1. What is the local net charge at GLY158, summed over the other residues whose Cβ is closer than 13 Å to its Cβ (Lys, Arg +1; Asp, Glu -1)?
2. Under 30 Å from the Cα of LYS181, which lysines turn up, not counting those fewer than eight places away in the same chain?
3. What is the distance in Å between the Cα centres of the stretch 95-150 and the stretch 261-338?
4. Suppose the chain between GLU311 and LYS77 were pulled fully straight at 0.36 nm per residue; how much longer would it get relative to their current alpha carbon spacing?
5. Between 0 and 90 degrees, rounded to the nearest ten: what's the tilt of helix 318-335 against the longest Cα principal axis of the chain?
6. Any idea how far apart ALA182 and ALA260 come out in nm if each label point goes 7 Å out from Cα toward Cβ?
7. What is the local net charge at PRO172, summed over the other residues whose Cβ is closer than 9 Å to its Cβ (Lys, Arg +1; Asp, Glu -1)?
8. Taking the chain as the reference, fit the longest principal axis to its C-alpha atoms, fit the long axis of helix 46-57 to the helix C-alpha atoms, and give the angle between the two in degrees, 0 to 90, nearest 10.
Amino acid sequence: MRSMFLSSLALGAAATALVGPATAAETKPTLTVYTYESFVADWGPGPQIKKDFERDCGCTLDFVGLEDGVAILNRLKLEGDTTKADVVVGLDTNLVSEAKATGLFAPSGVDTAPVTVPGGFSDDVFVPYDYGWFAVVYDSEQLKNPPASLDALISGDGSQKIAIEDPRTSTPGLGMLLWMKALYGDDAAQKWKDLSKSILTVTPGWSEAYGLLTKGEVPMVLSYTTSPAYHLIEEKSDRYKAIAFPEGHYVQVEVAGRLAGSAHGDLAQRFLAFLISPEAQDILPTTNWMMPAAKTASPLPAAFDQLVKPEKTLFLDPETVAKNRRAWTDEWLEALGR
């Protein structure tokens, strides 16, 4: 693949010499990547990944930031074969069966042997690039005695409020929905009713919910075990902490895939391979604040040693999620009176 790509560059250089730089600029391919907003933020991994990939690809990498992974899938369903996306970054394993059912994705063509994620997820279409466990993160200056378990959160003091995300528009929200279902099964609806007294608000996405925590408007939020690493590294603060729940934590494995209708299939494949390269994996922990799915170029910062390490990982297979997501979401809506 690389030798073919370099040959193409050589031919392009020769053509430039004959027809001038304007033609070269016109034929420079643009790879369009749908992802979530925090990925493309100035502080996210997008800017550095764009810089590093464009250094060698002879292309322009164009990120389109959407609200969340669920929003990305909803956008693709609406656009269908007319989508301008070449690559999608930010779906997760809970959505892969539904994404495949659209018929819009092609096999990745990427060797994922370097990838190691909890549960051992492997797929010929979607490439895992990072992972994390969902967790309740709390403000230790506001909340001196946080709930010690998920059950304590559900049945405890309703004055200790939490912000959660909507499972219809947010991958963390969907993760919480599945976390409850994995633990409580048919009793999940009643558990949601019990928890509702402690839910301050349900936000469309993670950014809105986490912003309520950092603004002091809510003492707890649904986030990730890795979220405190940001505050430890960037703010030198241990104010925000994740709670280790003995019942276990639901894992999120984030994945990327290429669109079958892309006019730049080889370039899209190359980008997917780049995402799990040590160079790209080195960027993700301290910009996307998730665990790397493959080997990094450098050791993880020491702050990651201070994070909650779940003793039990919870996970529902993608086919079960795809089959039941709508019914479980309706159950959640009814339980919360929405």
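The values are calculated or read from the model by the stated rules, or taken from the named source; none is laboratory data. Source: prediction; values computed, not measured. All Cβ positions, even for glycine, are placed from backbone atoms using ideal geometry, and neighbour counts span all protein chains on display. Quick note on the areas: whole protein, heavy atoms, side chains included, nothing else; ligands and nucleic acids left out. Shrake-Rupley method; radii C 1.70, N 1.55, O 1.52, S 1.80 Å.
1. Numbers: positive: LYS161, LYS193, LYS197; negative: ASP157, ASP194.
Taking every other residue near GLY158 into account, the sum is +1.
2. By straight Cα distance, LYS181 reaches LYS77, LYS100, LYS144, LYS161, LYS191, LYS193, LYS197, LYS241, LYS309, LYS312, LYS323.
3. 3 Å
4. Working: separation 234, 0.36 × 234 = 84.24 nm, distance 3.69 nm.
Using 0.36 nm per residue and subtracting the Cα-Cα distance, I get 80.6 nm.
5. Relative to the chain, helix 318-335 is tipped by roughly 40 degrees.
6. 3.0 nm
7. Numbers: positive: none; negative: ASP68, GLU165.
Its environment carries a net charge of -2.
8. Approximately 20 degrees, to the nearest 10.
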